[in-house]
Amino acid sequence: MKFEHLVVINEPENLAVPDLSREELWFGLLYRAENPQPFLPGLESCMILSRDDGGITRELNFGSTKIRDRVSWVEMESVTFEAEKTAEHAGGTLTIRIEEPAPNQLVLRFLYRTTLAEQAGGQEEMMAEFVRSAYHQSDIDTARLIRELMLAKRLQ
C-alpha cells in the first residue's frame, strides 16, 4: 500500500494557532525518533541499538511484539522510518517531510509504503482504508504533540 497526505502546521491567516519555526518542527521530529512513546500508543519501551551521523537503529517493544527499525534523516528536511519485516510485523517505510508551499506556511507530508495489499472490492481494500484512516489520525496527533512540546519549551 502506498499512501500520502499533508498535515498543515502553520496557517499564517489563522492567528489563533501559534506558528512553529522550521527548527522547532525539525526538533519535534527528532524527538519523535528518539522518544517515540508519546507518539505510539501501546509502545512499552524503545531501545536505541546504534547511532551514526545519518540516523539511529531502534528496537520498539510493544509487549509480545518487537519491531526493529532504522530512522534516518536529512537535516531540517525529512525523517524516514524503515521497519524490518518479521513474522509479527509487515514492515514498511514512513517518510515525514517538512515542506513550505508558501512563505511561513509549513506542512508535514507523510509518505507511507507498506506491504499491505490494496486489491479493489475486497477485504484487503477495507483493511487498507482502515489503516489509512488510522495513519492519518496518528499523524494529526503527531503534529499536535510536536506543537504542544515546542510551545511548552518556549515557556521554559
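Here, each number is a calculation from the coordinates, and none is a lab measurement. Remember, predicted model here, so these are calculated numbers, not experimental data. Note: ideal-geometry Cβ built from the backbone for every residue, glycine included; neighbour counts use all protein chains shown.
Put simply, the amide H of ILE9, placed in the peptide plane, has neighbours under 5 Å in LEU106, VAL107, LEU108, leaving out anything fewer than 5 places away on its chain. Helix 22-34 and the longest principal axis of the C-alpha atoms of the chain enclose an angle of approximately 30°. The ranking of MET150, MET76 from fewest to most other beta carbons within 10 Å of each one's beta carbon is MET76, MET150.
Expressed as a rounded percentage, what relative contact order does the chain have, with Cα pairs under 8 Å and six or more residues apart? Write down the numbers at each step before the final one.
On the way: 260 pairs, mean separation 40.6, N = 156.
Relative contact order, the chain: 26 percent.
The angle between the Cα long axis of helix 123-155 and the longest principal axis of the Cα atoms of the chain comes to about 30 degrees, rounded to the nearest 10.
Relative to one another, the C-alpha centroids of the stretch 1-60 and the stretch 67-145 are positioned 11 Å apart. Counting only lysines at least 8 places from LYS85 when in the same chain, those with an alpha carbon closer than 28 Å to its own are LYS2, LYS66.
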